[in-house]
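Undergrad: Quick one: structure below, then a few questions.
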Number of protein chains: 2
Amino acid sequence: MKLTEAKQQFISSWGAFGTHWGINRTMAQIHALLLVSPDPLTQDDIMEELNISRGNTNMNIRELINWGLVDRVLLPGERKEYFTAEKDIWKVVKQIVKERKKRELEPMLQLLDKLEEVEGDKRDKHVKSFVDTVSGIKKLGRQADKTLDTLVKAEESWFISSLMKVFK
Amino acid sequence: MKLTEAKQQFISSWGAFGTHWGINRTMAQIHALLLVSPDPLTQDDIMEELNISRGNTNMNIRELINWGLVDRVLLPGERKEYFTAEKDIWKVVKQIVKERKKRELEPMLQLLDKLEEVEGDKRDKHVKSFVDTVSGIKKLGRQADKTLDTLVKAEESWFISSLMKVFK
DNA sequence: TTGTATTTTCAATAAATTTTGAAAATTCGG
DNA sequence: CCGAATTTTCAAAATTTATTGAAAATACAA
């Protein structure tokens with residue numbers, strides 16, 4: 001397979017992959033393109049490679065920067081902005097985990113705390129079932145939260161070798 | 001907070017949560033409703049509680065059954081079908097991990113295997129950058145695959161206590 | 001400054017996804 | 001079987017989400 005074709009397949013399936021994870025297709029595709037590009041690219045490079053409009057490109061680059069996955073690069077003597085993606089996949093994973101934990105897991109745990117204190121007689125099976133479910137989710141959620149905290153701080157090599165021992 | 005309100009909040013935020021994970025709102029809401037219901041419900045119960053159409057209800061229940069998260073229950077002497085959700089959250093998580101691994105991670109790893117064999121001179125920085133990125137993702141992906149395999153087989157108590165030791 | 005290159009915004013449009021509801025298919029007691 | 005109850009299907013409609021492109025804002029060299 002030629003590089004051009006391989007690159008396109010990679011970008012396209014990274015885009016499809018993203019849609020299963022709440023990330024829009026274009027954002028994932030731009031990320032994929034930057035991941036495999038040896039040098040920083042401009043907005044125009046990205047527009048051309050992916051055949052998307054200027055506005056779309058701009059918004060999604062901005063979003064990738066918010067996620068901490070892409071950085072602006074200023075090349076000396078160049079007027080245009082260049083963009084580059086973090087290439088260390090372990091760092092990318094940690095960054096995504098960190099953001100999603102903050103945006104999704106933590107608010108959910110806060111809500112569950114409130115919901116667990118629902119009024120009513122625990123002998124009522126409707127109340128009991130609700131409280132039991134909420135408690136169960138909360139317990140696992142808190143565990144996940146702690147585990148992910150540690151993962152976010154971990155070095156790749158340490159992480160992998162530790163897991164190898166536990167999950168032998 | 002009253003049970004009715006708490007239930008609605010739970011269902012609604014579980015639905016929103018789902019949309020960040022590639023699951024549609026209604027499917028997640030039906031799942032949430034069944035999770036907190038002490039007894040099995042019929043399609044009509046679900047339609048009424050969530051204010052959704054029969055077709056929508058039916059399709060999403062079917063999808064939840066495909067995911068192994070909901071079971072059909074036949075009550076003796078009743079013509080209608082009843083539905084119930086697995087209440088053990090650990091089992092729910094394992095089931096979801098198992099399905100997503102099969103549907104998303106494994107196909108991605110297969111693709112990366114192919115893409116890694118791209119033609120071209122490794123001294124060309126474009127080729128090198130592509131191969132390095134793909135290899136990096138593949139390596140981490142394979143590790144995740146193994147880890148998740150073990151997780152899927154694990155008991156909750158074992159899982160939690162092991163992780164507590166590693167991530168001290 | 002001023003003029004031009006570049007980036008950003010956002011209302012309008014397009015595309016994708018979800019939902020509806022009525023018709024068709026199926027199930028099952030009598 | 002028959003017929004009513006129940007489930008399933010799916011084309012059309014509604015809704016949500018993504019994309020465009022042109023205008024406005026900004027940045028910067030001269």
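Each reported figure results from applying straightforward, stated rules to the coordinates on display, with no laboratory input. Treat the numbers as computed from the prediction; the structure is a model and nothing was measured. Every residue, glycine among them, receives a Cβ derived from its backbone with ideal geometry; neighbour counts consider all protein chains shown.
Undergrad: For helix A:54-66, what angle does its Cα long axis make with the longest principal axis of chain A, in degrees from 0 to 90 and rounded to 10?
TA: 50 degrees
Undergrad: Express the relative contact order of chain B as a whole percentage, based on alpha carbon pairs under 8 Å and six or more residues apart in sequence.
TA: Reported relative contact order: 15 percent.
Undergrad: Work out how much length A:S12 to A:R103 would gain on full extension: take 0.36 nm times their residue separation and subtract the Cα-Cα distance, in nm to one decimal.
TA: 30.1 nm
Undergrad: Between B:R25 and A:E49, take the C-beta separation as r, use R0 = 25 Å, and let me know the FRET efficiency to the nearest 0.05.
TA: Calculated value: 0.15.
Undergrad: OK, next. If you average the sequence gap of Cα pairs under 8 Å that are 6 or more apart and divide by the length of region A:89-166, what percent do you get for the contact order?
TA: Numbers: 32 pairs, mean separation 32.2, N = 78.
Computed over region A:89-166, the figure is 41 percent.
Undergrad: What whole number of Å gives the distance from the Cα centroid of region B:1-36 to the Cα centroid of region B:106-158?
TA: Centre-to-centre distance over Cα atoms comes out at 34 Å.
Undergrad: Who wins for biggest fluctuation among B:V93, B:V73, B:V131 in a Gaussian network model of chain B, springs between alpha carbons below 10 Å?
TA: Of the options given, B:V131 has the highest mean-square fluctuation.
Undergrad: For B:E104, go 7 angstrom from Cα along the Cα-to-Cβ vector, then report the distances to that same point in the other copies in nm, smallest first.
TA: Inter-copy label distances (nm, one decimal, shortest first): 0.7.
Undergrad: Cross-link partners among lysines for B:K122, C-alpha distance below 30 Å, same-chain residues fewer than 8 apart left out?
TA: Within the straight-line limit of under 30 Å, B:K122 reaches these lysines: A:K2, A:K7, A:K80, A:K87, A:K91, A:K94, B:K114, B:K138, B:K139, B:K146.
Undergrad: Per residue of A:33-39, count partner chain C-beta atoms within 10 Å of its C-beta, then hand back the mean as an integer.
TA: 5
Undergrad: I'm a student and want to see the number: the projected area of the Cα convex hull of the protein assembly as shown, averaged over all directions, in nm².
TA: 21.1 nm²
Undergrad: For peptide A:129-140, what's the mean number of Cβ atoms from other chains within 10 Å of each residue's Cβ?
TA: 5
Undergrad: For region B:107-159, just list the percent of Cα-Cα distances falling in each 10 Å bin from zero outward, please.
TA: For region B:107-159, the binned pair fractions read 23, 37, 21, 13, 6, 0 percent.
Undergrad: Ok, one more. So the label point sits 7 Å from Cα along the Cα-to-Cβ vector; using that for B:D121, what distances do you get to the other copies, in nanometres, sorted shortest first?
TA: 8.4
Undergrad: Another question, if that's okay. Take region B:3-85, drop everything but the C-alpha atoms, weight them equally and run the Debye formula without solvent; then report log10 I(q)/I(0) at 0.10, 0.18, 0.21 Å⁻¹ to two decimals.
TA: -0.22, -0.71, -0.96
Undergrad: Expected output is a single nm value to one decimal: the length gained when fully extending between B:E119 and B:K80, i.e. 0.36 nm times separation in residues minus the C-alpha distance. What is it?
TA: Working: separation 39, 0.36 × 39 = 14.04 nm, distance 5.96 nm.
Full extension of this stretch gives 8.1 nm more.
Undergrad: Calculate the tail of P(r) for chain A: the fraction of all Cα-Cα distances greater than 27 Å, expressed in %. Could you put the intermediate results ahead of the total?
TA: Numbers: 6408 of 14028 pairs.
That tail contains 46 percent of the Cα-Cα pairs.
Undergrad: Which of A:L112, A:L33, A:L69 moves the most in a Gaussian network model of chain A with Cα springs under 10 Å?
TA: Residue with maximal mean-square fluctuation among A:L112, A:L33, A:L69: A:L112.
Undergrad: Would you mind computing, in nm to one decimal, how far apart the modelled labels at A:D71 and B:I65 are, each placed 7 Å from Cα along Cα→Cβ?
TA: Here the modelled spin labels are 5.3 nm apart.
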